[in-house]
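Okay, so here's the structure we're looking at.
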Amino acid sequence: MTTRTIIEPFKIKSVEPIRFTNKEERTELIKKAGYNPFLLHADDVLIDLLTDSGTSAMSSKQWAGIMDGDESYAGSKSFYRFEETVRKITGMKFIIPTHQGRAAEKILFSIVGGKGKYFPNNTHFDTTRANIEFTGAEADDFVVEVGKHSEIRADFKGNMDVILLEKFIKEKGKENIPLCMITVTNNSGGGQPVSMQNVREVKEICVQYGIPLFIDACRFAENAYFIKLREKGYSNKSVLEIAQEMFSYADGVTMSAKKDALVNIGGFLALNDENLAMLCRNLLIVTEGFPTYGGLAGRDLEAVAQGLEEVLDEHYLQYRIRSVEYLGERILSAGVPIIEPPGGHAIYIDAKRFLPNIPPEQFPGQSIVIELYTEGGIRAVEIGSVMFGKYDNKGKLIPPPMELVRLAIPRRVYTQSHIDYVIEVILEVFKNRDKLKGYKITYEAPMLRHFTARFEKLN
Ligand SMILES: *Cc1c(COP(=O)(O)O)cnc(C)c1O
């Protein structure tokens, strides 16, 4: 059988025009933005790959759900549909809506966190880490060794190192570890998947020490699809069945609906422990809203419920995973260094190998990001010394281990020709890489500087 092109599994009913700019205009625009793409107007961007969070295109059924949403303060029918859908997938007893993933984290860790507590994870996402540290507790990462090497290809680079996990539990004491978390896919680790076997092994350790296991489920469907493709024994199971098995090992779930629920806002916390659910709902009422809307409108709950059904469609997932992989394969075969293999939601260019002559102090990732915008109007984000760099007491930069440029792909937003265009621009920038310059920071805020920093080009 010949393999045919994997097509976008949708027709386009409503379109949003892209505003075109030329290279001359973009050279001015990025300069005015202090060479920081976060400070650009989105309207001046041609293809926006800044993030996959909250940027999904909703389906006609989701938009119909927006009209159909029930805005009753308490007991809205949209809540019951949302609750039923989340319960069908996760099997959890108590389903608590929140306005984003971090709101679910804030509530959970306010209750179980605190000084002297430790939370292991494969890799904590920034907001998870921040919410844990905000309570005085410690967030610890235990991703497997291969997950730290960009050029090593492995099927499940998001897995947790169970030997290190068990050692850590023994060292810190199980009474000081209120829960253990696994993030699927491992966002901060390049969107790499976690295997079912790994979830099972982590669960066994958790059971042995009496520690509840939580799943950060932002990209659970993408992870389940990777299991179907790559793990022995799962190729004939549906993605829903795989997701259900994965959640069957969990005692609780946090999720940002802005990822795999295919909506622009929303999240939830799902739990099996009745007492913990009661404490969380009490805090939810103070900070988010009544337990049947949790900081969202009824219509948002309707759109989340619909999105959670659509994301499990295997034609959608095949297109989703393949279109990210296609971008990765094409630039890799032309010699562009990336994290291998491509993850579920983004391609990460290795800026250190792309621009070996620009040292971390001159921000090679930022230089590529600026060039991608100037050359082709593409907005990407630096994940390297700009985002995570620290200073020693002499003011010298302490760079993070990797200098990366992330190209995150919004769900159902761009077609193959948009991606082909992105490939052309990346290859053009790569061809002219010897002409790229480093940058220096001229303004920075004391925290989370990447959002507002301003830069100057070096000669
Ligand atoms: C986005 C994300 C979060 C936080 O969700 P928000 O909706 O942005 O608050 C938490 N964990 C992971 C893995 C994420 O990708």
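The values are calculated or read from the model by the stated rules, or taken from the named source; none is laboratory data. Small disclaimer: the values here were computed from a predicted structure and weren't measured. Note that each Cβ is placed from the backbone with ideal geometry, even for glycine, and that neighbours are counted across all protein chains shown. All accessible areas refer to the heavy atoms of the entire protein, side chains included, with ligands and DNA or RNA removed. Shrake-Rupley method; radii C 1.70, N 1.55, O 1.52, S 1.80 Å.
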Practice task
Just give me the residues in region 66-101 being surrounded by 19 or more Cβ atoms within 10 Å (Cβ to Cβ) and among the basic types (Lys, Arg), in sequence order.
Solution key: Arg81
Practice task
Could you check how many residues of region 393-427 are in contact with a Phe, Trp or Tyr (Cβ under 8 Å, 6 or more places away or on another chain), open to solvent by 60 Å² or more (accessible area, probe 1.4 Å) and in contact (Cβ under 8 Å) with a residue 24 or more places away in the chain?
Solution key: 1
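Residues are listed down the side, and each one gets a yes or a no for (1) more than 21 Å from the chain's Cα centre (by Cα); (2) more than 23 Å from Tyr421 (Cβ to Cβ):
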{"site": "Leu40", "(1), (2)": "yes, no"}
{"site": "Ile47", "(1), (2)": "no, no"}
{"site": "Ser56", "(1), (2)": "no, no"}
{"site": "Gly69", "(1), (2)": "yes, yes"}
Exercise for the section: Report yes if Ser110 is touching a residue at least 24 places away in the same chain (Cβ under 8 Å), under 30 Å from Glu138 (Cβ atoms) and of a type in the set (S, T, N, Q), otherwise no. Expected result: yes
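Say whether the condition of being at pLDDT 95 or above, of a type in the set (Val, Ile, Thr) and either within 13 Å of the ligand (Cβ to nearest atom) or not assigned by TED's automatic domain parsing to the domain that holds Glu71 (or both) is met by at least one residue in region 243-261.
There is at least one residue in region 243-261 that is at pLDDT 95 or above, of a type in the set (Val, Ile, Thr) and either within 13 Å of the ligand (Cβ to nearest atom) or not assigned by TED's automatic domain parsing to the domain that holds Glu71 (or both).
Take Arg4 and tell me if it is closer than 24 Å to Tyr414 by Cβ, among the basic types (Lys, Arg) and outside the structural domain of Glu382 (by TED's automatic domain parsing).
Values: closer than 24 Å to Tyr414 by Cβ: yes; among the basic types (Lys, Arg): yes; outside the structural domain of Glu382 (by TED's automatic domain parsing): yes.
So Arg4 passes the test.
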Exercise for the section: Please enumerate the residues belonging to region 178-193 that are over 17 Å from Ser256 (Cβ atoms), surrounded by 23 or more Cβ atoms within 10 Å (Cβ to Cβ) and touching a strand residue (DSSP E or B) at 6+ places or on another chain (Cβ under 6 Å). Expected result: Cys180, Gly190, Gln192
Problem - Which numbered condition Ala277 fails, given (1) more than 29 Å from Gly191 (Cβ to Cβ); (2) within 16 Å of the ligand (Cβ to nearest atom); (3) hydrophobic (A, V, I, L, M, F, W, C) - result: (2)
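Check Pro356, Pro360 and return the single one that is without any contact (Cβ under 8 Å) to a residue 24 or more places away in the chain, open to solvent by 20 Å² or more (accessible area, probe 1.4 Å) and not charged (D, E, K, R). Talk me through it step by step, then tell me what you get.
On the way: Pro360 fails: without any contact (Cβ under 8 Å) to a residue 24 or more places away in the chain.
Sole residue among the options that is without any contact (Cβ under 8 Å) to a residue 24 or more places away in the chain, open to solvent by 20 Å² or more (accessible area, probe 1.4 Å) and not charged (D, E, K, R): Pro356.
What helices (runs of 4 or more DSSP H), lying completely within region 240-359, carry at least 1 residues that are in contact with a Phe, Trp or Tyr (Cβ under 6 Å, 6 or more places away or on another chain)? Can you show your working first?
Numbers: elements: 274-287, 298-310, 314-333, 351-354.
Once the helices (runs of 4 or more DSSP H) in region 240-359 are filtered for at least 1 residues that are in contact with a Phe, Trp or Tyr (Cβ under 6 Å, 6 or more places away or on another chain), what remains is 274-287, 298-310, 314-333.
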Completion exercise
Of the residues in region 117-137 that are more than 9 Å from the ligand (Cβ to nearest atom) and out of contact with any Asp or Glu (no Cβ under 9 Å at 6 or more places or on another chain), the one that is least open to solvent (accessible area, probe 1.4 Å) is Ala137
Handout entry: Residue that is farthest from the ligand (Cβ to nearest atom) [pool: residues in region 49-66 that are in a helix (DSSP H, G or I) and of a type in the set (S, T, N, Q)]
Key = Ser60
Exercise for the section: List the number of the failed condition for Pro410; all other conditions in (1) within 20 Å of Phe20 (Cβ to Cβ); (2) part of a helix (DSSP H, G or I) hold. Expected result: (2)
Problem - In region 200-251, the residues that are crowded, with 24+ Cβ neighbours inside 10 Å and aromatic (Phe, Trp, Tyr) - result: Phe214, Phe220, Tyr225, Phe226
Practice task
Might you check whether a residue that is over 19 Å from Arg230 (Cα atoms), within 16 Å of the ligand (Cβ to nearest atom) and assigned to a strand (DSSP E or B) occurs anywhere in region 145-162?
Solution key: no
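Specify the residue that is least open to solvent (accessible area, probe 1.4 Å); the eligible residues are those in region 15-54 that are among the aromatic types (Phe, Trp, Tyr) and in contact with a Phe, Trp or Tyr (Cβ under 7 Å, 6 or more places away or on another chain). Spell out the reasoning first.
We begin by selecting, within region 15-54, every residue among the aromatic types (Phe, Trp, Tyr); these are 20, 35, 38.
If we keep only those that are in contact with a Phe, Trp or Tyr (Cβ under 7 Å, 6 or more places away or on another chain) too, we end up with 35, 38.
Values: Tyr35: 32, Phe38: 64 Å².
Result: Tyr35.
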Exercise for the section: List every residue pair whose Cβ atoms lie under 6 Å apart, where the two residues are 6 or more positions apart in sequence or sit on different chains, the first residue falls within region 54-72 and is touching a residue at least 24 places away in the same chain (Cβ under 8 Å) and acidic (Asp, Glu), and the second residue, located anywhere, is away from the ligand (no atom under 16 Å from the Cβ) and not in a helix (DSSP H, G or I). Expected result: Asp70/Ser76
Exercise for the section: Please determine, by comparing only the residues of region 102-116 that are open to solvent by 50 Å² or more (accessible area, probe 1.4 Å) and more than 12 Å from the ligand (Cβ to nearest atom), which one is nearest to the chain's Cα centre (by Cα). Expected result: Ser110
